[in-house]
C-alpha cells in the first residue's frame, strides 16, 4: 500500500505519465494480484491517470471487481476503521461518470443508482460530502434530480 500511495502522490504532484506506467507495472506484481484490497486501491487510482476515458472505465471496472472480493477482516487489517461498503459510492460514481462521458447513459444511470443506494455507508466528513456532491452532479448530468 505504501508503494501505491507513493505512485498516487507522484500522479498528483509530479509526472502523471510516469505514475500511470508504474502503477500499471505494479498491477502485475504477484503480491498485488494476491490481495483484492491492493488491486482495488491501485485500480481506483490508476483510473484517474488514464488519458483515454475507455481506459479509465476499464480500470474503474477492475477496482469494482476487486472490491467485491475484499472481506471486512482484510479491510480492518489494513485500517481498523475501513468499511468495505464505504468504497462502493466512489467506485460507482467513477464508473457512472466515465460511462456518461462515453455516451452510455444507461450504464451511467445504473452506476448512479448503485452509488445512491450505498451513500449511507459514507462517513459524515469532507470525503463523504465530496462523494455525495459528485453523485448529485452525476444525477443532474444524467437528467435527473
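Any chance you could run the full-extension gain for residue 17 through residue 71? It's 0.36 nm times the residue separation minus the Cα-Cα distance, nm to one decimal.
On the way: separation 54, 0.36 × 54 = 19.44 nm, distance 3.19 nm.
Result: 16.3 nm gained on full extension.
Using a Gaussian network model on the chain with a 10 Å cutoff between Cα atoms, which of 118, 90, 99 fluctuates the most?
118
What do you get when you divide the Cα radius of gyration of the chain by 2.2 N^0.38 Å, with N the number of residues?
Scaled against compact globular proteins, the figure is 1.03.
Connecting C-alpha atoms closer than 10 Å in a GNM of the chain, tell me which of 86, 34, 66 has the biggest fluctuation.
Looking only at 86, 34, 66, the biggest GNM fluctuation is shown by 34.
Springs between alpha-carbon atoms under 10 Å, Gaussian network over the chain: tell me which of 73, 113, 56 tops the mean-square fluctuations.
Highest fluctuation among the options: 73.
List, largest first, the extents of the alpha carbons of segment 1-66 along their principal axes, each in whole Å.
Over segment 1-66, Cα extents along the principal axes are 28, 26, 14 Å.
How high is the relative contact order of the chain, given as a whole-number percent (alpha carbon pairs under 8 Å, six or more residues apart)?
Here the relative contact order equals 16 percent.
Please label the shape of segment 83-145 as rounded, prolate or oblate, based on the square roots a ≥ b ≥ c of the eigenvalues of the alpha-carbon gyration tensor (a/c under 1.5 means rounded; beyond that, a/b larger than b/c means prolate, else oblate).
prolate
Values quoted throughout were computed directly from the atomic coordinates according to the rules given, and no laboratory measurement underlies them. Nothing here was measured: the structure is a model prediction, and the numbers come from that model.
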